[in-house]
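Notes follow the structure.
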Amino acid sequence: MSAPIVIYVPRDAAALAMDADAVAREIERVADARGQSVQIVRNGSRGLLWLEPMVEVATPAGRVAYGPVAPEDVASLFDAGWLAGADKTAAHPLHLGLTEQIPYLKQQERLTFARVGVIDPLSLQDYAAHGGLAGLKRALAMEPAHIIDEMVTSGLRGRGGAAFPTGIKWKTVAGTPGEQKYIVCNADEGDSGTFADRLLMEGDPYVLIEGMTIAGLAVGATYGYIYVRSEYPHAIETLEAAIVRARAVGWLGADVHGSGRRFDLEVRKGAGAYICGEETSLLESLEGKRGVVRAKPPLPAISGLFGKPTVINNVISLATVPIILAKGAAYYRDYGVGRSHGTLPFQLAGNVKQGGLVEKAFGLSLRELLYDFGGGSATGRPLRAVQVGGPLGAYLPESQWDVPLDYEAYIQISAMIGHGGLVAFDDTVDMARMARYAMEFCAIESCGKCTPCRIGSTRGVETIDKIAASGANPAQREQQVHLLLDLCDTMMGGSLCALGGMAPYPVLSALNHFPQDFGIESSQSAAHAA
């Protein structure tokens, strides 16, 4: 009897939302009815979200993709002979060709996401067979200080927004005395238009476990927490199942891989507060308290969770650690430009034809992402603005879309790359309304601890409303614009954390680049913004 044909159907949340479970059931039903032997593997998403569910069939030539597949399409795929090989179904409208040759994927540099969409996320064997554990095995043979040196040399910076050098943070924790130290993964992915953390946790959970274990070995921490936003039930379920399996085979616990070294971890669920994406608020929440910002110093690296030295890194930062250890610091460092080393998973959302995840080395442009990968606007209208870096990121006009995506270059234009989220808008967008939304978001999500954020954001919304209501009275409008700029300056300089400190970025960028939406002249706006 011949071996069953392997068919990959994503179990990612985006695919599930598009009826992937029903597609998997229909494939099994039709195959059974026709006497054809198939094995369905529920993989993660490849990140081509406009094609979900994207189903792949294993053939001698490689995996062949079809999408987006609906339950009612399954019978026609069998009729077209999709189990017979790549050439048989080329005429089928859902046929996408060899998965690895799809231009959207072929043009990427997938390092952190190398296994996502390729393997069964919960298969220990799949993970090891595709390069998993190589970094951890090398780390176990190294002195802790040498692990940290590798991280420093790699140039990896925090992928959660602040872009602080990961190796320096680890070195601080390692050098701080403490009987107990912790590794905390910030998986509270709350920025608009971002989904990289979710894709990775659902598609390759063991890489995060491996990265956290390596971090523990490097700094002398024996326990870790993954703080996941409650809106990610599939990620939580996948992580918890992966931890149980990893512990059962000795990848976690009192004797990691027979080394005599201890490291274990658990998942903690957030409660929906955006502010808990800020590291000190996250620690407060982990300790069972209300999520409010702590004053710094002391830094969490010195006095963090329960007052102990704590490494806090984003999902992508920690998931990148294994490949750096496996391939060496120089391998990773040689991707990117300037001081922006390695790759970043950019996430295309909003008004784009082809929304999804693109892992590329730093240095490409926003225009390349929007058109070479995103395919332009979904509406067919000209794109007008792109917000980069989440709800606190600046709105960038077309004149800035050719600036290289690297941390320092974006600082020069008063913008930030953040977590790599991009939200695109076509020429029908009202940027004054978007500026108001940014201020209102801050007012709603503020923890309330500091006055500039708590009061400033509320007054900011009121002031933007007054600008909109000023009508044909230019003097009144100019007075309110002055007030708004002063308010933004106070928030940027006086807020305890980035929520209040960066909420003015989208407002100021909208005023500066799209003054006509506020009813003011370009020259006036430029003078104010300067």
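Points worth noting:
- Signed unit charges on C-beta, dipole axis of the chain, positive-most listed residue VAL507, PHE346, THR490: THR490
- This model, with +1 at the C-beta of Lys and Arg and -1 at the C-beta of Asp and Glu, gives segment 399-530 a dipole about its Cα centre of some 500 debye.
- Sorted peptide list for 384-397, 319-332, criterion being average Cβ within 10 angstrom, highest first: 384-397, 319-332
- Nearest-10 value in Å² for the accessible area of MET439, using the 1.4 Å probe: 0
- Note on segment 116-164 and segment 209-238: Cα centroid distance 13 Å, given to the nearest whole angstrom.
- Contact order normalised by residue count of the chain, Cα under 8 Å, 6+ apart, percent: 13
- Part-to-part distance (alpha-carbon centres) for segment 418-459 and segment 62-82, which is given in Å: 43
- Positive dipole terminus of the chain, leading residue within GLY167, SER377, GLY418 (C-beta point charges): GLY167
- A cut-off of 5 Å between modelled amide H atoms, ignoring neighbours fewer than 5 places along the same chain, links GLN39 with ILE5, VAL6, ILE7.
- Charge dipole magnitude, Cβ of K and R +1, D and E -1 - the chain, Cα centre, debye nearest 20: 1140
- Nonpolar atom fraction for segment 194-269, defined as the carbon and sulfur part of the 1.4 Å probe accessible area, stands at 46 percent.
- Length gained when the stretch LYS289-TYR331 is fully extended (0.36 nm per residue, less Cα-Cα span): 10.9 nm
- Accessible-area value, ILE444, 1.4 Å probe, nucleic acids and ligands omitted, Å²: 120
- In nm, spacing of pseudo-spin labels at LYS269 and ALA241 (7 Å Cα→C-beta vector): 1.7
- Low-density loop cleavage sites - trypsin sites (Lys or Arg not before Pro) in segment 43-135, where at most 16 other Cβ are within 10 Å (DSSP): LYS88
- Inter-site label distance for HIS257 and GLU72 at 7 Å from Cα along Cβ, in nm: 5.1
- Antiparallel bridges, percent of DSSP beta bridges restricted to segment 171-291 (to nearest 5): 10
- Cα gyration tensor shape of segment 36-182, rounded if a/c is under 1.5, else prolate or oblate by comparing a/b with b/c: prolate
- Net length available on complete extension from ARG339 to HIS234 is 34.3 nm, with 0.36 nm assigned per residue and the Cα-Cα distance removed.
- Stretched out straight at 0.36 nm per residue, the stretch from ASP427 to ASP489 would grow longer than its current Cα-Cα span by 19.4 nm.
- Residues in segment 473-492 that a label on GLU521 would reach, taking backbone N under 20 Å of a point 7 Å out along Cα→Cβ: 473-485
- Solvent-accessible area per residue in segment 224-277 equals 44 Å², computed with a 1.4 angstrom probe and all protein chains kept.
- Sites ALA134 and LYS106 - FRET efficiency at Förster radius 25 Å, r taken between beta-carbons, to 0.05: 0.55
- Among complete DSSP H helices in the chain, none has alpha-carbon atoms stretching at least 27 Å along the helix's long axis together with a mean Kyte-Doolittle hydropathy reaching 1.6.
- Charge-dipole axis of the chain as Lys and Arg at +1 and Asp and Glu at -1 on Cβ define it, positive-most pick from ILE40, SER399, THR320: THR320
- Share, in percent, of DSSP beta bridges within the chain that are antiparallel, nearest 5: 55
- Segment 293-394: C-alpha gyration tensor shape, a/c 1.5 cut-off, then a/b vs b/c: oblate
- Dipole in debye (nearest 20) - segment 1-131, about Cα centre, beta carbon charges: Lys, Arg +1; Asp, Glu -1: 280
The values are calculated or read from the model by the stated rules, or taken from the named source; none is laboratory data. These figures come from a predicted structure and were not determined experimentally. A quick note on method: Cβ atoms are made from the backbone with ideal geometry, for glycine too, and the neighbour counts reach across all protein chains shown. SASA here: full protein model, heavy atoms, side chains in, ligands and nucleic acids out. Shrake-Rupley method; radii C 1.70, N 1.55, O 1.52, S 1.80 Å.
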